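Inspection log for the structure reproduced underneath, given as structure tokens.
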Amino acid sequence: MTTTAPEVTKTAPAGGPRGTGRGRGRGRGVMSSTGLYLAIGVAAFFFLIPFYVLIRNALSTDAQITGEEWTLFPTDIQWGNITEPFDDPTVDFGQSMVNSLIVGVLHTVGTLLVCSLAGYGLARIPYRHANKVFYAVLFTLMVPTAVTFVPGFVLVSSLGWIDSYRGLIIPGLFSGFTCFLFRQYFLGFPKELEEAARVDGLGYWGAYWRVVVPNSLNFFAAIATITFINGWNSFLWPLVIGQDPSAWTVQVALSSYMTNQTVNYHLIFMATAISILPLLLVFLFLQRWLVQGIAQTGIKG
Amino acid sequence: MSTTTKLDLASPAPAKPSQGRPRRGLRGSGTFNFWLFTGPFLIGLLIFVYVPIGWSIWLSFFEARFTVTPSTFVGFDNYRFMLENDNFTGALGTFTVFAAIIVPTTWALSLGLALMVNRLRFMRAFFRSVFFLPTACSYVAASLIWKMSVFNGVRFGLANTVLGWFGVENIAWLANPDPPWYWLVIVTARLWLQSGFYMILFLAALQNIPGELYEAAAIDGAKRGWQTFWYITLPQLRATSTAVILLLLIAAYQAFDEFFNLLSKTTWGRPPLVELYYTALGDNQDYGAGSAGAVILTLLIVVVTLFQGKIMGFGRGEESK
């Protein structure tokens, strides 16, 4: 078996590399197809349980959540729970959602702007020391960002940026990894388009904004989605920077619920559901770009 | 590369600029434009990545409690303190256990899901979405769902409810380190959160395997299923598997959110980052020792990354591009 494989590889490029997934299932019998759907159904069941628990608890009363018997789903759905996290005097949940939204959006816009420009510069603009600069960027990939949170905190606190949007957003903009992804992408960008732009008298800057960016919107969308999700979900950095409750992001607020003295189950779960909602919307509408982006970029990482 | 092709095409008009010096004004100059594009990023990288790293290394050689501008040079004392500190070495042990469980299980689960989804003919998008959806959730949200409901130690926790149907006593999932049930809670939370992401990577790789390979194998008499999986699918996924394992390892190394939230206030089950957090930002605010710990962790991960890259052959992945 092993020996035949390499020969086959050589013939492969002659035909198209497409059409694997579906075609392979054709020869399988009814039984194995049933088994497949059974197995994947069980897996899906387990994956959906947390969502079910979340929604059930968010719309129940505490008495139902902590009751003797497990109620499958509340019969009298507590829609009133939706506003409760916003009226809670102990944790300013509304403010934390606003903070997360501002931080998430600015983090995404800033990262895309800074890293895409740098990626393009590294990929396309001839400069004697470009390689050295690129290695300086690559080196930062070796140092796990989370490990630098202690020195990062030290720096940000000496700048006086604790409890500020600046402190939450700016240090996270300079992602060596995102820059690297953009560089890889621009290396594969069709040169003819840029050359046409230069013939029309555009410099690098003009060509970048008028030709390169408009023709790369799919890639930008993919990276933007991933960046936004990571920004929204990040916890360690906002925890370190947000010392005062007014600067908490939604993740820090959620975390504080878990250590509170009084536990208000339905409120906590409703708050969690609300915190996930924006991302689920992003997911439902942008899943195509997201999947494409992960498939393109994740492998390279 | 890019310079040569550009000059070839534009050769008639700007023949002289190829000598290397800037053309007329700055607009076409490579050097100026290079810094124009990369400058903002590089300045930020310098300030927010390189300066902290340097500062951290500097701090690690000083007695620095409650201050970031210390004056007492202590040599390698902070390093000695961290390496002799049972909490820190214990944290490295916790990470080792964690990585030894989570890396293989996530690898197997995400690959299994990808293989199944890849074979589906109906409801493919639906199932892919189901497994992918948890990626939208944060570790904090998942920790909350796990701690407050699914693995709540009291009777109305979902797991205890189900076990109760079979007459099993309530289990204190997180509040008791012996037996260490907390590992089940932590591992399942992370599996739920990250498997879908790696499934997408495997799906993409599966779809890039030429169908001819399977046809040829069928002609050669290979049985569908195990044989084709072992001799074709798995070897073809080698590059992706290597990358996935490395990503999983790095992610496990940086685990913080779920440990911090699920095991808050406990003394057991602290991975390195949580330990560092309490060392540097806890009651003692020992930045010197915290920085020494960060340097040790960084060195460790660099060594592990290079070592793994070597044994698993990262070079092979490059060829397939």
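For segment A:104-132, the set of residues classified as modelled with pLDDT of 90 or more, within 9 Å of chain B (Cβ to nearest Cβ) and surrounded by fewer than 19 Cβ atoms within 10 Å (Cβ to Cβ) consists of A:113 only.
Tell me yes or no: at least one residue of segment A:54-68 is within 23 Å of the chain's Cα centre (by Cα) and over 30 Å from residue B:40 (Cα atoms). Outline the logic, then answer.
Step one: list which residues in segment A:54-68 are within 23 Å of the chain's Cα centre (by Cα), which gives A:54-55.
Then keep just the ones that are over 30 Å from residue B:40 (Cα atoms); that gives A:54-55.
Scanning segment A:54-68, I find at least one residue that is within 23 Å of the chain's Cα centre (by Cα) and over 30 Å from residue B:40 (Cα atoms), so the answer is yes.
Scan segment B:183-224 for residues that are among the hydroxyl-bearing types (Ser, Thr, Tyr) and farther than 20 Å from residue B:134 by Cβ and jot them down.
So in segment B:183-224, the residues among the hydroxyl-bearing types (Ser, Thr, Tyr) come out as B:188, B:195, B:198, B:214.
Residue satisfying the conditions is B:214 alone.
Is there a residue being at pLDDT 85 or above, buried (at least 22 other Cβ atoms within 10 Å of the Cβ), of a type in the set (A, V, I, L, M) and within 20 Å of residue A:234 (Cβ to Cβ) anywhere in segment B:189-203? Yes, segment B:189-203 contains a residue that is at pLDDT 85 or above, buried (at least 22 other Cβ atoms within 10 Å of the Cβ), of a type in the set (A, V, I, L, M) and within 20 Å of residue A:234 (Cβ to Cβ).
Can you confirm whether segment B:61-77 contains a residue that is closer than 20 Å to residue B:248 by Cβ and of a type outside the set (Phe, Trp, Tyr)? Within segment B:61-77 (the criterion being closer than 20 Å to residue B:248 by Cβ and of a type outside the set (Phe, Trp, Tyr)), the answer is no, since none of the residues qualifies.
State whether one or more residues within segment B:276-286 are out of contact with any strand residue (DSSP E or B) (no Cβ under 8 Å at 6 or more places or on another chain) and more than 25 Å from residue B:147 (Cα to Cα). Full working, then the answer.
Taking segment B:276-286 as the starting set, the residues that turn out to be out of contact with any strand residue (DSSP E or B) (no Cβ under 8 Å at 6 or more places or on another chain) are B:276-278, B:281-283.
If we keep only those that are more than 25 Å from residue B:147 (Cα to Cα) as well, we get B:283.
Yes, some residue in segment B:276-286 is out of contact with any strand residue (DSSP E or B) (no Cβ under 8 Å at 6 or more places or on another chain) and more than 25 Å from residue B:147 (Cα to Cα).
Only one of A:196, A:222 is closer than 21 Å to residue A:113 by Cα and either in contact (Cβ under 8 Å) with a residue 12 or more places away in the chain or within 7 Å of chain B (Cβ to nearest Cβ) (or both). Can you tell me which? Spell out how you get there, then give the answer.
Numbers: A:196 fails: closer than 21 Å to residue A:113 by Cα.
Of the residues listed, the single one that is closer than 21 Å to residue A:113 by Cα and either in contact (Cβ under 8 Å) with a residue 12 or more places away in the chain or within 7 Å of chain B (Cβ to nearest Cβ) (or both) is A:222.
For segment A:139-191, taking the residues that are closer than 19 Å to residue B:256 by Cα and assigned to a loop (DSSP other than H, G, I, E, B), the one that is modelled with the highest pLDDT is identified as A:143.
Modelled with pLDDT of 90 or more, touching a Lys or Arg at 6+ places or on another chain (Cβ under 9 Å) and buried (at least 18 other Cβ atoms within 10 Å of the Cβ): is that true of residue B:211 in this structure? Walk me through how you get there before you give the answer.
Numbers: modelled with pLDDT of 90 or more: no; touching a Lys or Arg at 6+ places or on another chain (Cβ under 9 Å): yes; buried (at least 18 other Cβ atoms within 10 Å of the Cβ): yes.
No.
In the set (1) within 30 Å of residue A:35 (Cα to Cα); (2) more than 7 Å from chain A (Cβ to nearest Cβ); (3) modelled with pLDDT of 80 or more, the condition left unmet by residue B:225 is number (3).
Note on segment B:42-138: enclosed helices (runs of 4 or more DSSP H) holding 2 or more residues that are more than 8 Å from chain A (Cβ to nearest Cβ) and closer than 29 Å to residue B:262 by Cβ are B:77-84, B:86-119.
When B:30, B:90, B:44 are screened for being of a type in the set (Gly, Ala, Ser) and surrounded by fewer than 19 Cβ atoms within 10 Å (Cβ to Cβ), only B:90 passes. Report yes if residue B:245 is among the hydrophobic types (A, V, I, L, M, F, W, C), within 11 Å of chain A (Cβ to nearest Cβ) and assigned to a helix (DSSP H, G or I), otherwise no. Criteria not met by residue B:245.
If you go through segment A:56-91 and keep only what is within 14 Å of another protein chain (Cβ to nearest Cβ), crowded, with 16+ Cβ neighbours inside 10 Å and not in a loop (DSSP other than H, G, I, E, B), you end up with A:56, A:57, A:58, A:64, A:65, A:85. Of all the residues in segment B:141-187, those that are more than 9 Å from chain A (Cβ to nearest Cβ) and among the β-branched types (Val, Ile, Thr) number 5.
The values are calculated or read from the model by the stated rules, or taken from the named source; none is laboratory data. The shown structure was predicted, so the numbers you read here are calculated from the model rather than taken from an experiment. So basically every Cβ, Gly included, is an ideal-geometry build from the backbone, and we count neighbours across all protein chains shown.
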